[in-house]
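The values are calculated or read from the model by the stated rules, or taken from the named source; none is laboratory data. Not measured: the values here are computed from a predicted model. Cβ atoms come from the backbone with ideal geometry, glycine included; neighbour counts cover every protein chain shown. Accessible surface areas use protein heavy atoms only, side chains included; no ligands, DNA or RNA. Shrake-Rupley method; radii C 1.70, N 1.55, O 1.52, S 1.80 Å.
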Amino acid sequence: MRRRPFLHTLPLIGTLGPLGPATQASPGAPGRRVLRLAFETPETALDPVQTQSDRNSNTVLAQILESPLCYDYLARPARLLPNTAEALPQMSADGRVFTVRIKPGILFSDDPAFGGRPRELVAADYVYAIKRFYDPRWNSSDLYMYESLKLPGLSELRQQAMQSRRPFDYDREVEGLRAPDRYTLRITLGVPDPRFVYLFADAVMMGAVAREVVERYGDDIGAHPVGTGAFRLRQWRRASRIVLERSPTFRRVHYEGTPADTPEARAAAAHLAGRTLPLADELVFDVAEEAQPRWLSFLDGTYHMLEVPPSFLPMAAPGGELAPYLARAGIRMQRQLRPDMSMNFFFMEDPLVGGYTPEKVALRRAVALAFDSPTYRRNLLSGFGIPAQSTVAPHTSGYDPAYKSEMSDFDPARARALLDTYGYTDRNGDGWREQPDGQPLVLRMSSLATLSDRRRNEVWKRSMDAVGLRMVFEPATWPELLKRSRAGTLMMWGYGWTAGSPDGGFFLGIAYGPNASEANDPRFALPAFDRLFERQRVLPDGPEREALMHQAKNLLVAYMPFKVLVHHERVDLVQPATRAFWRHPFMRDIWRFVDVVPGGAADG
């Protein structure tokens, strides 16, 4: 599950720009298949334990590191396959012990840390990689993904390191995480979790890392990712460009997958059949934070595909159909509902908006009801999104398209009535409401400084003005906002979560009390909710689990730690020279399957 900034539309500025073929090779490298892509925000760090759930950093890492499992690229619904593992994990009858056998002969990319010798992947590399999340030195924001599963012995190791102020003891064997032999990995959970198997396909949470690489680079490990994946890092200009190249030590892997059942997937399957992966020689990720430069660069052929910025959806897909001028250029369009949600949260320890007493709940509900979500979806997303009724995202367990709640309501009259009833009135006649005790009431919303966020803030400002609530905005950079959120110094902020697996339980976990300061940014702590979360987590998918998730969703609507805004519809445009691209709802390491064909006509 990955954080990402809001997706928004912007005013359409300037001309359409030229339409040209995407560049096939980088200067000075004739014949190389170079796939060029764009990120909308800068990366944080190229180290699994330091990414702070940043989507773009994790996308790059997923091309470099490898997990034991992966997703079948073209299978829908999602299906797991062995990756570095010989087979899918064996799970004990009680859902607590997972055993997987690693394939012999897999090599890490060459690095000076290996002293000029080939370095084979072994099970101990996965043990080390997971233990790093527990090491206090790294202060990982993703530790909760393991900590909540209570792997026996690991939390105790962490506590010992913290209390003694000595280095984390990586050599201490614990019951929860073992390598019984060179190629066998065994993970024991303290609580059953039938869906833990999905974590075996997450190249960030369970991507193999070599201990000698981390020890060589120390605090600078975030600039030296070394893995067994199809690509390795060649160049990194921070917040500007990341270049990956095919790893010479990557094993010979042929495409194998499920027969495809849509035109796009069938075209991809036909192109991939019998091919050796990866298909591209080089991946270039440019950071282009503003939407217009990304759009124009796609039109002039710089980028091989583009997730269309919402501001340009009316131009790219008027009426939901590919614009004729793009179709004539051979560009293809793919649409799908994203497994995501965008929200704003209230920091529950803040003296103004936090708390669980009736007047505090009423304030949060009033703010949520006052927000003009129809205008937000219409003007900022061009209608490419559906109202969110809960935190749980489409394509995941627990998502019910028939579920309806107050979460999506826009009702300023009810908002005013709530505020009046609980004493949030204008006591001094200045046009702004005060707190029930007469103290000033100023809502502080943190945001990025981008044009898209400024337009979102305008909707918030107009919405709050309409009910007499004063709101001010505090812009900062993405990394700085993440730091402030973890430190608990924000009153309100917003961003999106994108699912990394079909397990919708994550979208309840962002409100689970023990996850505070990690995924639980609002630090919501409600025992009744926590009990529901814990009960549903150990159940297999089915009606009993769905009923508990339904109750949990209702509690989040009632207490409103989040104002969930929308589930987005993703629109991808693909250049004629690009082959075999088909967006997977959860998979991050898709770029090894995508090809660039010189002189590419439209792939039909």
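Tell me which strands (runs of 3 or more DSSP E) are completely within region 239-346 and hold 3 or more residues being open to solvent by less than 10 Å² (accessible area, probe 1.4 Å) and in contact with a strand residue (DSSP E or B) (Cβ under 7 Å, 6 or more places away or on another chain), or say none if there are none.
Here the list reads 241-246, 282-287, 340-346.
What pairs can you find where one residue is in region 403-426 and at positive phi, the other is of a type outside the set (Phe, Trp, Tyr), and their Cβ atoms are less than 8 Å apart, with a gap of 6+ or different chains?
423/359; 423/435; 423/436
Going by the structure shown, is residue 577 within 30 Å of residue 252 (Cα to Cα), of a type in the set (Gly, Ala, Ser) and more than 25 Å from the chain's Cα centre (by Cα)?
Spelling it out, residue 577 is indeed within 30 Å of residue 252 (Cα to Cα), of a type in the set (Gly, Ala, Ser) and more than 25 Å from the chain's Cα centre (by Cα).
Please go through region 462-476 and pick out each residue that is open to solvent by 20 Å² or more (accessible area, probe 1.4 Å) and touching a residue at least 60 places away in the same chain (Cβ under 8 Å).
462, 466
Restricting to region 507-560, and then to whatever is within 24 Å of the chain's Cα centre (by Cα) and at positive phi, can you tell me which residue is least open to solvent (accessible area, probe 1.4 Å)?
The residue in question is 560.
In a helix (DSSP H, G or I) and among the hydroxyl-bearing types (Ser, Thr, Tyr), is that true of residue 170?
no
Would you be able to tell me the number of residues in region 182-230 that are over 30 Å from residue 539 (Cβ atoms), outside any helix (DSSP H, G or I) and open to solvent by 20 Å² or more (accessible area, probe 1.4 Å)?
3
Would you mind stating whether residue 414 is basic (Lys, Arg), within 23 Å of residue 386 (Cβ to Cβ) and not in a loop (DSSP other than H, G, I, E, B)?
Yes: the conditions hold for residue 414.
What residue, among those in region 37-47 that are touching a Gly at 6+ places or on another chain (Cβ under 9 Å) and open to solvent by 10 Å² or more (accessible area, probe 1.4 Å), is modelled with the highest pLDDT?
Selected residue: 45.
Are any of the residues in region 351-362 part of a helix (DSSP H, G or I), open to solvent by less than 30 Å² (accessible area, probe 1.4 Å) and closer than 30 Å to residue 533 by Cβ?
Scanning region 351-362, I find at least one residue that is part of a helix (DSSP H, G or I), open to solvent by less than 30 Å² (accessible area, probe 1.4 Å) and closer than 30 Å to residue 533 by Cβ, so the answer is yes.
Spot the failing condition for residue 166; the list is (1) more than 22 Å from residue 208 (Cβ to Cβ); (2) touching a residue at least 24 places away in the same chain (Cβ under 8 Å), and only one is missed.
(2)
What do you reckon, is residue 434 within 28 Å of residue 517 (Cα to Cα) and of a type in the set (Asp, Glu)?
Spelling it out, it is not the case that residue 434 is within 28 Å of residue 517 (Cα to Cα) and of a type in the set (Asp, Glu).
Against the definition (surrounded by fewer than 23 Cβ atoms within 10 Å (Cβ to Cβ), closer than 22 Å to residue 53 by Cβ and in contact (Cβ under 8 Å) with a residue 40 or more places away in the chain), how does residue 484 come out, yes or no?
Against the criterion (surrounded by fewer than 23 Cβ atoms within 10 Å (Cβ to Cβ), closer than 22 Å to residue 53 by Cβ and in contact (Cβ under 8 Å) with a residue 40 or more places away in the chain), residue 484 does not qualify.
Does residue 179 meet the test of being over 29 Å from residue 534 (Cβ atoms), modelled with pLDDT under 95 and open to solvent by 20 Å² or more (accessible area, probe 1.4 Å)?
Here the answer is no, as residue 179 does not meet what is asked.
Kindly establish whether residue 134 is of a type outside the set (S, T, N, Q), crowded, with 21+ Cβ neighbours inside 10 Å, within 23 Å of the chain's Cα centre (by Cα) and not in a loop (DSSP other than H, G, I, E, B).
no
If residue 386 passes every condition in (1) under 13 Å from residue 566 (Cα atoms); (2) in a helix (DSSP H, G or I) but one, which one does it miss?
Checking residue 386 against (1) under 13 Å from residue 566 (Cα atoms); (2) in a helix (DSSP H, G or I), the one that fails is (2).
Taking residue 454 as meeting all but one of (1) part of a loop (DSSP other than H, G, I, E, B); (2) without any contact (Cβ under 8 Å) to a residue 24 or more places away in the chain; (3) in contact with a Pro (Cβ under 9 Å, 6 or more places away or on another chain), write down the number of the exception.
Exception for residue 454: condition (1).
Pull up region 363-410, narrow it to residues that are of a type in the set (Lys, Arg) and crowded, with 17+ Cβ neighbours inside 10 Å, then point me to the one that is nearest to residue 76 (Cα to Cα).
Filtering region 363-410 for residues that are of a type in the set (Lys, Arg) and crowded, with 17+ Cβ neighbours inside 10 Å, the one nearest to residue 76 (Cα to Cα) comes out as 377.
For (1) farther than 16 Å from residue 228 by Cα; (2) of a type in the set (Asp, Glu); (3) at pLDDT 90 or above, each residue gets a yes or a no:
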| residue | (1), (2), (3) |
| --- | --- |
| 246 | no, no, yes |
| 253 | no, no, yes |
| 257 | yes, no, no |
| 262 | yes, no, no |
| 271 | yes, no, yes |
| 277 | no, no, yes |
| 287 | yes, no, yes |
